Amino acid sequence: MAIHYLKTGKPDTERSQEDAKVRATVESILGDIGARGDAAVRELSEKFDSFSPASFRLSADEIQALIARVPARDLEDIRFAQDQVRNFAQAQRDSMTDIEVETLPGVFLGHKNIPLRSVGCYVPGGKFPMVASAHMSVLTAAVAGVGRIIAATPPFRGAPNPAVIAAMHMAGAHEIYVMGGIQAIGAMALGTETIAPVDMLVGPGNAFVAEAKRQLYGRVGIDLFAGPTETMVIADDTVDAELCATDLLGQAEHGYNSPAVLLTTSRALAEATLAEIARLLQILPTAETARKSWEDYGEVILCDSHDEMLAVANDIASEHVQVMTDRDDWYLENMHSYGALFLGPRTNVANGDKVIGTNHTLPTKKAGRYTGGLWVGKFLKTHSYQRITTDEAAARIGAYGSRLCMLEGFVGHAEQCNIRVRRYGKRNIPYGEAAE
């Protein structure tokens, strides 16, 4: 391959050092929450958010008062976005059917898709009020039929954000808490004196939230291991630098450590995009954040061919992949490791983040190699069952099962099969004969 880096980001060694510091902080705080419950949550909220209400859970009256403060147009926009998310989630749910098949005469196997009993949805909002994250987690869980949906979001400028609370309520949250960061994740997963623990945690967040979910995985389920927002633009000379630069910086503004990568076969486009990024950073209101991300995590990679771009893209496995080439469908057919694809110049990552209907909680840090993003299926457990309805089937399967158990040395297992052979077989088989 002839791959050239016109710009690189921080080396991996520096990134690993930062991750180690986050791990130690999270471990200590989760231990404190587990030991002291509500008292620890309150102290952490006071420390990190300067927020200590009488109750972190909002009452029905408080929720309605906050919704009343949201302008009518904003409420309508939220409803429109939720309609799109609901429609797509429902179509996905409808594609997941319970099945039962007769695999042999008298042998029936099946599975049922059972909703989780409880989930905790984290909606980021300390720096930017992430209204859309409520649609992606709470609403999708509701479509799946989850019995108890609790949602937590940090205070925004010292108080609950009305639009975020409205979105949570409209999406179907049963309990809403104004809590942020590790304390929210820990409280939902571990439980406290006033918060019953959940079975699963979902939703994006900063590095501390992501690490808290990682450390709690196993005690509760999680949607995926999510790190900082990542974006990749795959472009050839069919598009211009303004489009590429806008799509890169549009995601770099998420945080100070949001990787943004341009893959292109055009040196002219690469150089023009670098210049356009420099120009936009002079006028972008969120330039302070976007500039830091771009300086430390931005990359521009020049490739000789589309095959090379495909190989590099699959290796990086970026969360968001914006494809703007003369062969977008070819990338759709051949990409195998990513969070979500955005095909063609008419769409963009912001559509997926906010309104178009696909879910924006997606795998990062190469997790796209082994998982997709959050979707209605994440809130369903597929459980199998079996049923044997005839004596003949019980004896036949039992005989095979007995011999296979003995092949592995499991005598007790074999006897589970043997007793069925003896009871349901056409002749009285002495003890152990089926295993011989």
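The values are calculated or read from the model by the stated rules, or taken from the named source; none is laboratory data. These figures come from a predicted structure and were not determined experimentally. Using ideal geometry, Cβ is built from the backbone for each residue, glycine included, and neighbour counts are taken over all protein chains shown. Please note that ligands, DNA and RNA were not included when accessible areas were found on the heavy atoms of the full protein model with its side chains. Shrake-Rupley method; radii C 1.70, N 1.55, O 1.52, S 1.80 Å.
Summed over the range 190-214, residues that are in contact with a Leu (Cβ under 7 Å, 6 or more places away or on another chain), under 18 Å from Phe48 (Cβ atoms) and not basic (Lys, Arg) total 1. Taking the range 181-194 as the range and being open to solvent by 10 Å² or more (accessible area, probe 1.4 Å) and either outside any helix (DSSP H, G or I) or in contact with a Gly (Cβ under 7 Å, 6 or more places away or on another chain) (or both) as the test, the residues that pass are Leu190, Gly191, Thr192, Glu193, Thr194. Looking only at residues of the range 200-214 that are part of a helix (DSSP H, G or I) and under 22 Å from Lys381 (Cα atoms), we find that the one that is least open to solvent (accessible area, probe 1.4 Å) is Lys213. Just one of (1) farther than 30 Å from Thr390 by Cβ; (2) open to solvent by 80 Å² or more (accessible area, probe 1.4 Å); (3) in a strand (DSSP E or B); (4) of a type outside the set (Lys, Arg) fails for Phe80. It is (3). Counting only residues that are within 22 Å of the chain's Cα centre (by Cα), buried (at least 24 other Cβ atoms within 10 Å of the Cβ) and either of a type in the set (A, V, I, L, M) or at pLDDT 95 or above (or both), the range 250-268 holds 2 of them. Would you mind telling me which numbered condition in (1) touching a residue at least 60 places away in the same chain (Cβ under 8 Å); (2) within 29 Å of Gln84 (Cβ to Cβ); (3) open to solvent by less than 60 Å² (accessible area, probe 1.4 Å); (4) out of contact with any strand residue (DSSP E or B) (no Cβ under 7 Å at 6 or more places or on another chain) Thr390 fails? Failing condition for Thr390: (2). Scanning the range 342-364 for residues that are touching an Asp or Glu at 6+ places or on another chain (Cβ under 8 Å), more than 20 Å from Gln92 (Cα to Cα) and not β-branched (Val, Ile, Thr) gives Leu343, Gly344, Asn348.
Among residues of the range 351-379 that are at negative phi and open to solvent by 30 Å² or more (accessible area, probe 1.4 Å), those with a Cβ under 6 angstrom from a residue that is assigned to a helix (DSSP H, G or I) and among the small types (Gly, Ala, Ser), sequence gap 6+ or separate chain, pair up as Lys354/Ala132; Val355/Ala81; Thr358/Gly352. Could you list all residues from the range 162-180 that are open to solvent by 20 Å² or more (accessible area, probe 1.4 Å) and in contact (Cβ under 8 Å) with a residue 60 or more places away in the chain? Within the range 162-180, Pro162, Ala163, His169, Met170, Glu175 meet the criteria.
For beta carbons closer than 6 Å, sequence separation of 6+ or different chains, a first residue in the range 415-426 that is touching a residue at least 12 places away in the same chain (Cβ under 8 Å) and a second that is open to solvent by less than 30 Å² (accessible area, probe 1.4 Å) and assigned to a loop (DSSP other than H, G, I, E, B), the qualifying pairs are Val421/Ile429; Arg422/Ile429. The set of residues in the range 1-18 being open to solvent by 60 Å² or more (accessible area, probe 1.4 Å), in a loop (DSSP other than H, G, I, E, B) and touching a residue at least 12 places away in the same chain (Cβ under 8 Å) consists of Met1, Thr8. For the range 19-41, the tally of residues that are under 23 Å from the mean Cα position of the chain (by Cα) and either under 30 Å from Ser305 (Cβ atoms) or free of Cβ contacts under 8 Å to residues at least 40 places away in the same chain (or both) stands at 1.
Step by step: first the residues of the range 269-278, then only those that are over 30 Å from the mean Cα position of the chain (by Cα) and in contact (Cβ under 8 Å) with a residue 12 or more places away in the chain, then the one that is surrounded by the fewest Cβ atoms within 10 Å (Cβ to Cβ). Which residue is that? Among them, the one singled out is Ala275. Which of the numbered conditions does Ala65 fail, given that it passes all the others? Conditions: (1) buried (at least 16 other Cβ atoms within 10 Å of the Cβ); (2) under 15 Å from Ala163 (Cα atoms); (3) not polar (S, T, N, Q). Only one criterion in (1) buried (at least 16 other Cβ atoms within 10 Å of the Cβ); (2) under 15 Å from Ala163 (Cα atoms); (3) not polar (S, T, N, Q) is unmet by Ala65, namely (1). Could you please find all residues in the range 398-411 being over 41 Å from the mean Cα position of the chain (by Cα) and either in a helix (DSSP H, G or I) or closer than 10 Å to Gly106 by Cβ (or both)? Of everything in the range 398-411, those that are over 41 Å from the mean Cα position of the chain (by Cα) and either in a helix (DSSP H, G or I) or closer than 10 Å to Gly106 by Cβ (or both) turn out to be Gly398, Ala399, Tyr400, Ser402, Arg403, Met406, Leu407, Val411.
Every residue, every condition in (1) out of contact with any Lys or Arg (no Cβ under 8 Å at 6 or more places or on another chain); (2) closer than 15 Å to Phe379 by Cα; (3) of a type in the set (Asp, Glu), yes or no:
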position: Glu46; (1), (2), (3): yes, no, yes
position: Phe51; (1), (2), (3): yes, no, no
position: Ile67; (1), (2), (3): yes, no, no
position: Arg73; (1), (2), (3): yes, no, no
position: Ile78; (1), (2), (3): yes, no, no
position: Asn87; (1), (2), (3): yes, no, no
position: Asn113; (1), (2), (3): no, yes, no
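For the range 423-430, does any single residue satisfy the condition of being farther than 28 Å from Ala134 by Cα, assigned to a helix (DSSP H, G or I) and open to solvent by 50 Å² or more (accessible area, probe 1.4 Å)? Looking for residues that are farther than 28 Å from Ala134 by Cα, assigned to a helix (DSSP H, G or I) and open to solvent by 50 Å² or more (accessible area, probe 1.4 Å), one finds at least one in the range 423-430, hence yes. Note on the range 103-130: residues that are closer than 28 Å to Tyr256 by Cβ and either surrounded by fewer than 24 Cβ atoms within 10 Å (Cβ to Cβ) or touching a Pro at 6+ places or on another chain (Cβ under 6 Å) (or both) amount to 7.
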